[in-house]
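Engineer: Here it is: the structure, laid out below.
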Amino acid sequence: LSKQFRMPVFVANVGNGFSIEVVGGALDKNESPENCAIRETEEEVGYKINKVKKVTTTFLSPGLVKERVHLFIGIYKNEDKTKNGGGVEAENEEIETLEISFENALKMIEKEEIIDARTIMLLQYLKINKLL
């Protein structure tokens, strides 16, 4: 997980404007969603993975925006850690990597400390499918 400042969260006066989220990002031109997930994982949290499993593609708010979100899970090991992570400076990303146990992350949903829909969906997917 990562912690990122989000203006809408700040404006909504939720916490201090920071959101705890799974890795995410925009597709580059002609990039597959799978390759985007792999690239963004290294850019944001500094783990070089080579394979992801698709969970679903969904609309977060189909009545308001046309953006589709592709959700994936992947496995990493300590050996996969690189010197990257923290986001891309050219994109003005300032990302703090958080390593939280799944048990604590699920409790953070209950306490509304994790409020990002993508993150909640993926954590619940892991729990429902007994992958935790």
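Engineer: Quickly run through the range 2-38 and pick out the residues that are farther than 16 Å from Ile73 by Cβ and of a type in the set (D, E, K, R).
Structural biologist: Hits for the range 2-38 are Lys3, Arg6, Asp28, Lys29, Glu31.
Engineer: Let me ask something additional. Test Glu43 against the criterion of being open to solvent by less than 60 Å² (accessible area, probe 1.4 Å), within 16 Å of Val23 (Cα to Cα) and either in a helix (DSSP H, G or I) or not basic (Lys, Arg) (or both), and give yes or no.
Structural biologist: Spelling it out, Glu43 is indeed open to solvent by less than 60 Å² (accessible area, probe 1.4 Å), within 16 Å of Val23 (Cα to Cα) and either in a helix (DSSP H, G or I) or not basic (Lys, Arg) (or both).
Engineer: Run Glu93 past the list (1) closer than 15 Å to Thr119 by Cβ; (2) assigned to a loop (DSSP other than H, G, I, E, B); (3) of a type outside the set (S, T, N, Q) and report the number of the one that doesn't hold.
Structural biologist: Only one criterion in (1) closer than 15 Å to Thr119 by Cβ; (2) assigned to a loop (DSSP other than H, G, I, E, B); (3) of a type outside the set (S, T, N, Q) is unmet by Glu93, namely (1).
Engineer: Tell me, which residue of the range 69-100 that is more than 24 Å from Gly17 (Cα to Cα), out of contact with any Gly (no Cβ under 8 Å at 6 or more places or on another chain) and of a type in the set (D, E, K, R) is surrounded by the most Cβ atoms within 10 Å (Cβ to Cβ)?
Structural biologist: Looking at residues that are more than 24 Å from Gly17 (Cα to Cα), out of contact with any Gly (no Cβ under 8 Å at 6 or more places or on another chain) and of a type in the set (D, E, K, R), I get Asp80.
Engineer: Out of Val69, Val55, which single residue is part of a strand (DSSP E or B), in contact (Cβ under 8 Å) with a residue 40 or more places away in the chain and touching a Ser or Thr at 6+ places or on another chain (Cβ under 8 Å)?
Structural biologist: One residue alone meets the criteria, Val69.
Engineer: Output the residues belonging to the range 101-111 that are closer than 17 Å to Gly74 by Cβ and surrounded by fewer than 14 Cβ atoms within 10 Å (Cβ to Cβ).
Structural biologist: Within the range 101-111, just Phe102 meets the criteria.
Engineer: Next question. I want to confirm something. Restricting to the range 112-132 and keeping residues that are among the β-branched types (Val, Ile, Thr) and more than 16 Å from Thr58 (Cβ to Cβ), which single residue is surrounded by the fewest Cβ atoms within 10 Å (Cβ to Cβ)?
Structural biologist: So the residue we want is Ile115.
Engineer: Filter the range 1-30 down to the residues that are part of a loop (DSSP other than H, G, I, E, B) and exposed (fewer than 13 other Cβ atoms within 10 Å of the Cβ) and list them by number.
Structural biologist: Ala12, Asn13, Asn16, Ala26, Asp28, Lys29, Asn30, listed by residue number.
The values are calculated or read from the model by the stated rules, or taken from the named source; none is laboratory data. Computed from a predicted structure; not experimentally measured. Positions of Cβ are backbone-derived with ideal geometry, glycine not excepted, and every protein chain shown enters the neighbour counts. Each accessible area value is taken on the protein alone, full model and side chains, heavy atoms only, with ligands, DNA and RNA left out. Shrake-Rupley method; radii C 1.70, N 1.55, O 1.52, S 1.80 Å.
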